[in-house]
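Colleague: Quick one: structure below, then a few questions.
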Amino acid sequence: MLYGAYHYSCLLDDDAILPYYKGSTFRGVFGKALKKVVCALRRQDCSECLLKHKCIYCQVFETPSSPEETRDKRIASPPHPFVIEPPLTTEIHFKKGDPFDFQLLLFGQANEYLPYFIYAFEQMGNIGIGKRINGKRAHFILKDIKANRKKIYSHEDQILRKRSFCQKLSLKHDGNLAKGSFQLRIVIETPLRLKFGNRLMADLPFHVLVRAMLRRVSSLFNYYGDGEPDLDYRGLVRRARHIRVADSNLKWFDWQRYSSRQDQAMLMGGMVGSITYEGAIREYMPLIEFCSKVHLGKQTSFGLGKIKAEIVK
């Protein structure tokens with residue numbers, strides 16, 4: 001699966017008040033800006049638009065699927081082909097001239113739309129973000145964009161360097177990883193929302209984590225990769241039940257976002273903290289390494305479900 005990670009560096013042009021968790025704010029304004037940039041029929045509802053299967057906005061935010069796709073694939077609802085990783089700072093008050101960075105992850109063909117996304121983020125700067133101060137949202141300037149630590153775009157020349165920005169993500173074993181049992185710590189950096197047994201989980205047995213990783217891998221490869229990966233799904237889940245929790249520092253974190261589509265405030269919550277597993281984890285490392293790059297669980301496009309793995313011993 002093609003994967004691009006684009007680091008955006010911005011400067012605030014006004015004082016700003018941003019929420020504690022900034023992912024939904026960035027995603028909401030990004031959607032408005034992208035639709036403004038690419039929509040040919042300004043006032044038409046996307047679900048009824050004749051262009052929805054060719055429109056970049058629909059492909060990215062509405063992500064339509066045909067009945068044939070739904071029937072042929074294990075995942076009924078297509079995942080969004082992007083993740084916005086907002087700044088992880090808990091600061092909410094910012095001054096004019098303050099820098100703030102975020103990262104845009106793109107999957108599959110969405111990487112070809114990068115010029116549109118760049119222009120949309122520049123439009124975001126004109127629309128403004130955060131709460132209104134004296135009747136105005138904070139504007140910002142997109143300073144530059146980097147991929148693989150190399151500058152590919154700058155505000156000064158507004159030229160996108162022509163080179164390959166993507167890498168190919170696959171499920172490969174790390175041959176250097178020792179066999180047998182070891183301990184692995186999973187750090188959940190942004191709230192992780194997982195459902196098991198039709199309820200949101202507040203703890204994380206290893207088999208629940210594995211089920212979520214398999215769903216994420218399957219959906220992304222089906223829609224943006226080379227199709228269903230050849231994995232022993234049942235066997236992986238069955239063996240995952242033998243991996244024990246050695247230590248857990250998980251806690252539940254609630255935050256609120258405003259949904260303009262539903263015109264109401266919505267309470268969101270998820271697990272944060274860390275959990276350490278012990279056992280024969282080696283065969284699960286490709287899944288863990290993959291999901292540490294693409295996020296996991298619900299509302300990943302907001303930047304939720306960001307995890308990282310650390311081998312303890």
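Colleague: Kindly list, by first and then second residue, each pair from a residue in segment 48-68 that is surrounded by 18 or more Cβ atoms within 10 Å (Cβ to Cβ) to a residue that is of a type in the set (V, I, T) and modelled with pLDDT of 80 or more, limited to pairs with Cβ atoms under 9 Å and residues at least 6 apart or on different chains.
Modeller: Pairs that qualify, where the first residue is surrounded by 18 or more Cβ atoms within 10 Å (Cβ to Cβ) and the partner is of a type in the set (V, I, T) and modelled with pLDDT of 80 or more, are C55/V38; I56/V37; I56/V38; Y57/V37; Y57/V38.
Colleague: Something else about it: Determine, yes or no, whether I188 is assigned to a strand (DSSP E or B), at pLDDT 90 or above and assigned by TED's automatic domain parsing to the domain that holds L304.
Modeller: For I188, the condition - assigned to a strand (DSSP E or B), at pLDDT 90 or above and assigned by TED's automatic domain parsing to the domain that holds L304 - is met.
Colleague: Then there is this: Is it the case, given these coordinates, that R211 is modelled with pLDDT of 95 or more and touching a helix residue (DSSP H, G or I) at 6+ places or on another chain (Cβ under 7 Å)?
Modeller: So R211 passes the test.
Colleague: Here's another thing I want to ask about it. With the structure loaded, tell me whether I145 is touching a Leu at 6+ places or on another chain (Cβ under 8 Å), farther than 30 Å from E283 by Cα and surrounded by 14 or more Cβ atoms within 10 Å (Cβ to Cβ) or whether it fails that test.
Modeller: no
Colleague: Sticking with this one: Report whether or not I186 is in contact (Cβ under 8 Å) with a residue 12 or more places away in the chain, more than 28 Å from E228 (Cβ to Cβ) and surrounded by 11 or more Cβ atoms within 10 Å (Cβ to Cβ).
Modeller: Considered against the rule, which asks whether it is in contact (Cβ under 8 Å) with a residue 12 or more places away in the chain, more than 28 Å from E228 (Cβ to Cβ) and surrounded by 11 or more Cβ atoms within 10 Å (Cβ to Cβ), I186 comes out as no.
Each row is one residue, and each column tells you yes or no for (1) closer than 19 Å to G130 by Cα; (2) outside the structural domain of W255 (by TED's automatic domain parsing); (3) in a loop (DSSP other than H, G, I, E, B); (4) modelled with pLDDT of 85 or more.
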residue	(1), (2), (3), (4)
K52	no, yes, yes, no
I75	no, yes, yes, no
H80	no, yes, yes, yes
P87	yes, yes, yes, yes
E91	yes, yes, yes, yes
K96	yes, yes, yes, yes
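Colleague: Can you give me the ranges of the strands (runs of 3 or more DSSP E) entirely in segment 118-170 with at least 1 residues that are closer than 21 Å to P19 by Cβ?
Modeller: Fully inside segment 118-170 and qualifying: 129-133, 136-138, 140-147.
Colleague: Within segment 98-117, how many residues are of a type in the set (A, V, I, L, M, F, W, C), part of a helix (DSSP H, G or I) and within 14 Å of F30 (Cα to Cα)?
Modeller: Looking only at that region, the number is 2.
Colleague: Take G197 and tell me if it is over 20 Å from Y277 (Cβ atoms), out of contact with any helix residue (DSSP H, G or I) (no Cβ under 6 Å at 6 or more places or on another chain) and not assigned by TED's automatic domain parsing to the domain that holds L250.
Modeller: no
Colleague: How many of the residues in segment 89-117 are buried (at least 19 other Cβ atoms within 10 Å of the Cβ) and either without any contact (Cβ under 8 Å) to a residue 24 or more places away in the chain or farther than 21 Å from Y223 by Cβ (or both)?
Modeller: Matching residues across segment 89-117 total 3.
Colleague: Looking at V37, is it more than 30 Å from G269 (Cα to Cα) and in contact (Cβ under 8 Å) with a residue 40 or more places away in the chain?
Modeller: yes
Colleague: Restricting attention to segment 118-142, and to residues there that are surrounded by 17 or more Cβ atoms within 10 Å (Cβ to Cβ) and small (G, A, S), which single residue is nearest to K32 (Cα to Cα)?
Modeller: A120
Colleague: Out of everything in segment 54-68 that is in a helix (DSSP H, G or I) and more than 23 Å from the chain's Cα centre (by Cα), what residue ends up being modelled with the lowest pLDDT?
Modeller: For segment 54-68, the residue satisfying everything is P67.
The values are calculated or read from the model by the stated rules, or taken from the named source; none is laboratory data. Source: prediction; values computed, not measured. Cβ coordinates were reconstructed from backbone atoms using ideal geometry, including for glycine residues, and neighbour counts include every protein chain displayed.
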